[in-house]
Amino acid sequence: MTPLIVTAIILLLVIIFLVKGLVMVHQRRTMVIERLGKYHRTLEPGLRFIIPFVDQPRQVSILRFVNGEPLITREQLVDMREVVLDFPSQNVITQDNVNVQIDGVLYYQIMDAQAAAYGTENLVLAIQTLAQTSLRSEIGTMELDKIFESRQDINNRLQTTMDEAGGKWGVKVNRVEIRDIDVPNEIREAMNSQMVAERNRRATVREAEGYKQAEIERAEGDKQAAILKAQGERDAAIANAEGDRKAAVLVAEGESEAIAKVMSSTEGAPNSTEMAVNYLIAQRYMETLPTIAKDGERVFLPTEMTSLLSSIGGIQELLKAGKTP
């Protein structure tokens, strides 16, 4: 019976050895194995075998927040998924000495399990502390108004800083987001007053710009109207002058023909030139008599008018004689 008992004990020890050596590594997780206290290898997801009592998993300290309270746990499996770290809000003093409360969130992913296990004693605490100090450093160099305008720039700079420092820990910082910025009540009221004043200023500027544009349009319209009116008056004056010129030409041509006829009718008569001139002067007198009569109740004619009228009668007799065959 003794050999059977020994064989059974050996088989039991082998089974225990095999069971203790089997390790299940879940998907998207890894396990860092130490052999006799020294790094040996990193187990990938799946059913793996290690030498019991010789190979030991390296435990990693992880900081988590449960109901707002920090909780540190030690785990054998290293989570390779992207992790959201919602670190608590902190007081930060801006460049213009305003005490604000900053609440942020960080997204990181472990890329090298060995570096994450040996790079720092508490990986999450190191990432959180670095994020808080980097955020405090960035905010401290900016004024309050600039912080609200440059949140994306702050996020980008924090991500760059965290990514550079996290490289030696085997961590890739994907995003850093400032979730909330809480300012004191008096500062908030001052900001609201400033915002209302700014909106009123913009409304006033827009109203002034609208009035300015309207005045410009009105002045432009008046200018165009004045130009068109001047052009119309100029065209009318040109047309009137052209009509007067043509009328004067026609009058001159008519008088020229009249003078020619009078001269031809008195040709051969004594003092024919004088008679023709007196005839034309008498005609002018006769044409102006109605106008002269309108200016008063009495009309006085010069004495030379009698001789002029006699000249007209004489010339008319000559004209009649010239027409008689």
TODO: Collect the residues in segment 19-72 that are among the small types (G, A, S), over 21 Å from T120 (Cα atoms) and part of a loop (DSSP other than H, G, I, E, B), keeping them in residue-number order.
DONE: G68
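Here's the yes/no breakdown for (1) at pLDDT 75 or above; (2) in a helix (DSSP H, G or I); (3) over 24 Å from the mean Cα position of the chain (by Cα):
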site: R202; (1), (2), (3): yes, yes, no
site: E207; (1), (2), (3): yes, yes, no
site: Y211; (1), (2), (3): yes, yes, no
site: I216; (1), (2), (3): yes, yes, no
site: Q224; (1), (2), (3): yes, yes, yes
site: I227; (1), (2), (3): yes, yes, yes
site: I238; (1), (2), (3): yes, yes, yes
site: V249; (1), (2), (3): yes, yes, yes
site: V262; (1), (2), (3): no, yes, yes
TODO: Just need a number here: residues in segment 25-38 that are loosely packed, with under 12 Cβ neighbours inside 10 Å and either of a type in the set (S, T, Y) or more than 17 Å from V83 (Cα to Cα) (or both).
DONE: 3
Task: Selected residue (only one of I147, I102 is within 33 Å of the chain's Cα centre (by Cα), β-branched (V, I, T) and either assigned by TED's automatic domain parsing to the domain that holds M195 or not in a strand (DSSP E or B) (or both)) - done: I147
- [ ] Return yes or no: is T141 surrounded by fewer than 19 Cβ atoms within 10 Å (Cβ to Cβ) and farther than 23 Å from L63 by Cβ?
- [x] yes
Task: Residue count, segment 55-94 (criterion: under 30 Å from T141 (Cα atoms), in contact with a helix residue (DSSP H, G or I) (Cβ under 7 Å, 6 or more places away or on another chain) and not β-branched (V, I, T)) - done: 4
Task: From the options P45, P52, residue that is surrounded by 12 or more Cβ atoms within 10 Å (Cβ to Cβ), touching a residue at least 12 places away in the same chain (Cβ under 8 Å), over 30 Å from E138 (Cβ atoms) and out of contact with any strand residue (DSSP E or B) (no Cβ under 8 Å at 6 or more places or on another chain) - done: P52
- [ ] Report yes if some residue within segment 107-119 is assigned by TED's automatic domain parsing to the domain that holds P70 and more than 25 Å from H40 (Cβ to Cβ); otherwise report no.
- [x] yes
Open item on the list: I need the full set of residues from segment 187-200 which are without any contact (Cβ under 8 Å) to a residue 24 or more places away in the chain and over 27 Å from the mean Cα position of the chain (by Cα), in order please.
Closed with: R188, E189, A190
Task: Some residue of segment 179-186 being within 28 Å of V100 (Cα to Cα), free of Cβ contacts under 8 Å to residues at least 24 places away in the same chain and surrounded by 14 or more Cβ atoms within 10 Å (Cβ to Cβ) - done: no
- [ ] Identify all residues within segment 19-35 that are out of contact with any strand residue (DSSP E or B) (no Cβ under 8 Å at 6 or more places or on another chain) and touching a residue at least 24 places away in the same chain (Cβ under 8 Å); write none if there are none.
- [x] K20
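The values are calculated or read from the model by the stated rules, or taken from the named source; none is laboratory data. Keep in mind the model is a prediction, meaning the values are calculated, not measured. Note: ideal-geometry Cβ built from the backbone for every residue, glycine included; neighbour counts use all protein chains shown.
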